[in-house]
Amino acid sequence: IGRRVARRSVIGGGSAGTADDKVKPDWAGDDLLSKVVDAAISNKILYEGLMKPMARRTLINTAEKNGVAWRDIADELGNEPGVKKAFAEIEDKSVDYPEYYLQPFHAYSEGNLCWQAAVEAEPATYSMALRVYPKERITADAAQKRLRDSYTDALRAHVDEHYGKEPETIVDVGCSVGISTRYISDAFQKSKMVGLDLSPYMLAVAKHRDLGEPGSERRSWVHGKGEDTKMADNSVDIVSLAFVIHECPEYATRALMTEAARILKPGGVFVMTDNNPKSSVIQNLPPALFTLMKSTEPHSNEYYTIDIEGMLRECGFEHVHTEDTDPRHRTVLGSLKK
């Protein structure tokens, strides 16, 4: 059983603490508020009739009011023959999808295994980046760059300090439509880059978008499982998971780390970025927003209570540390013991 973040006990009716010393939001885990929210989400009428459409509208409105043409981008990709051609080239019909991946995600009944999710992933990612900096006058491109650069900067610092050489091969597990993959590739311009994902729909968009882009000759796109990459032992320098683990149950998170430890070279780097349970922004989300967020993320309770650093150490990593890379997100890094 994975180690979980301990809840602070409050004796004598004292304060439950501020966002500075709370380890997770009250709306996640076993807290009463979390159970109330979960009960509301489990009501199919509320979920299908209210929460799911509201979650979509929130993302779309954030994007479009900031100049991201959500519907136009989705229509363009949905009608692009090159995307369908890429799908036919990339789909591996022998892939055995884990049960957790077949659940609804992000207000899509088929989760990531559908065209709607794939063609909307790019504008959704820009919407997510914009929500990190809500009070700043910032373009969607600038928000995306700041979000991704904070991640790659933390990775570069760890590699320079603890690995001491340029990586030859980097695997971006759960690469989606390839935005994280391309940013990492740009930060490590001598490295071979593999974008791996369980969704051939996402990968088709990634491959199509990468055509003719600088460095595309160093990048490949693979349909497969992060828990079973089929890659050789000790063959990879960096394994990255950007905004992946919050979508996984605890057992899958451990399996991802175990597989990373198998394929990494001694001293190789594991890095993940995702929502930060200690973030005051995350902890103080308005009820409407955290309810909508939980309604589209079925494994939130597990994600916000898993001890990621502890699990990494249990899987054989050292030099494990967490960087608060933006107001909402953390980056956790570790090196495989030599």
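(1) in contact with a helix residue (DSSP H, G or I) (Cβ under 9 Å, 6 or more places away or on another chain); (2) over 18 Å from residue 62 (Cβ atoms): which one isn't true of residue 168, the others all being true?
(1) is the only condition that residue 168 fails.
Can you work out which of the residues in the range 21-35 that are within 12 Å of residue 285 (Cβ to Cβ) and touching a residue at least 24 places away in the same chain (Cβ under 8 Å) is farthest from the chain's Cα centre (by Cα)? Steps first, please.
Here is the first cut: in the range 21-35, the residues within 12 Å of residue 285 (Cβ to Cβ) are 25-28, 33.
Still in the list and also touching a residue at least 24 places away in the same chain (Cβ under 8 Å): 25-28.
Numbers: 25: 18, 26: 21, 27: 20, 28: 18 Å.
This residue is 26.
I'm told residue 261 meets every condition in (1) open to solvent by 50 Å² or more (accessible area, probe 1.4 Å); (2) more than 16 Å from residue 180 (Cα to Cα); (3) more than 16 Å from the chain's Cα centre (by Cα) except one. Can you identify the failing condition by its number?
Answer for residue 261: the failing condition is (1).
Could you please tell me which pairs satisfy a Cβ distance under 8 Å, a separation of 6+ or placement on different chains, a first residue in the range 200-225 that is closer than 22 Å to residue 188 by Cα and touching a residue at least 40 places away in the same chain (Cβ under 8 Å), and a second residue that is open to solvent by 50 Å² or more (accessible area, probe 1.4 Å) and among the β-branched types (Val, Ile, Thr)?
Sorted first by the residue in the range 200-225, then by its partner, the pairs are 203/222.
Between 317, 243, 270, which is modelled with pLDDT of 95 or more, under 21 Å from residue 132 (Cα atoms) and either open to solvent by 20 Å² or more (accessible area, probe 1.4 Å) or among the aromatic types (Phe, Trp, Tyr) (or both)? Before the answer, list the steps.
Working: 317 fails: under 21 Å from residue 132 (Cα atoms); 270 fails: under 21 Å from residue 132 (Cα atoms).
Only one candidate qualifies: 243.
Output the number of residues of the range 97-132 satisfying the condition of being under 13 Å from residue 201 (Cα atoms) and open to solvent by 60 Å² or more (accessible area, probe 1.4 Å). Spell out how you get there, then give the answer.
The initial filter retains those residues of the range 97-132 that are under 13 Å from residue 201 (Cα atoms), namely 110-122.
Checking the rest, the ones that are also open to solvent by 60 Å² or more (accessible area, probe 1.4 Å) come to 110, 115-116.
The number of residues fulfilling the criteria is 3.
Among the listed residues 298, 286, which satisfies the condition of being under 23 Å from residue 111 (Cα atoms), modelled with pLDDT under 95, open to solvent by 50 Å² or more (accessible area, probe 1.4 Å) and not small (Gly, Ala, Ser)?
On the way: 286 fails: under 23 Å from residue 111 (Cα atoms).
So the residue among 298, 286 that is under 23 Å from residue 111 (Cα atoms), modelled with pLDDT under 95, open to solvent by 50 Å² or more (accessible area, probe 1.4 Å) and not small (Gly, Ala, Ser) is 298.
Spot the failing condition for residue 185; the list is (1) open to solvent by less than 20 Å² (accessible area, probe 1.4 Å); (2) assigned to a helix (DSSP H, G or I); (3) closer than 22 Å to residue 100 by Cα, and only one is missed.
It fails just one condition, (3).
Results for (1) β-branched (Val, Ile, Thr); (2) open to solvent by 60 Å² or more (accessible area, probe 1.4 Å); (3) under 16 Å from the mean Cα position of the chain (by Cα), shown as yes or no for each residue.
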| residue | (1), (2), (3) |
| --- | --- |
| 134 | no, yes, no |
| 137 | no, yes, no |
| 148 | no, no, yes |
| 190 | no, yes, no |
| 193 | no, no, no |
| 199 | no, no, yes |
| 205 | yes, no, no |
| 213 | no, yes, no |
| 216 | no, no, no |
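Can residue 122 be described as within 22 Å of residue 55 (Cα to Cα) and acidic (Asp, Glu)? Spell out how you get there, then give the answer.
Working: within 22 Å of residue 55 (Cα to Cα): yes; acidic (Asp, Glu): yes.
Yes.
The values are calculated or read from the model by the stated rules, or taken from the named source; none is laboratory data. Just so we're clear, the structure is a prediction, and the values are computed from it rather than from any experiment. Cβ atoms come from the backbone with ideal geometry, glycine included; neighbour counts cover every protein chain shown. Ligands, DNA and RNA are excluded from the accessible area calculation, which covers all protein heavy atoms including side chains. Shrake-Rupley method; radii C 1.70, N 1.55, O 1.52, S 1.80 Å.
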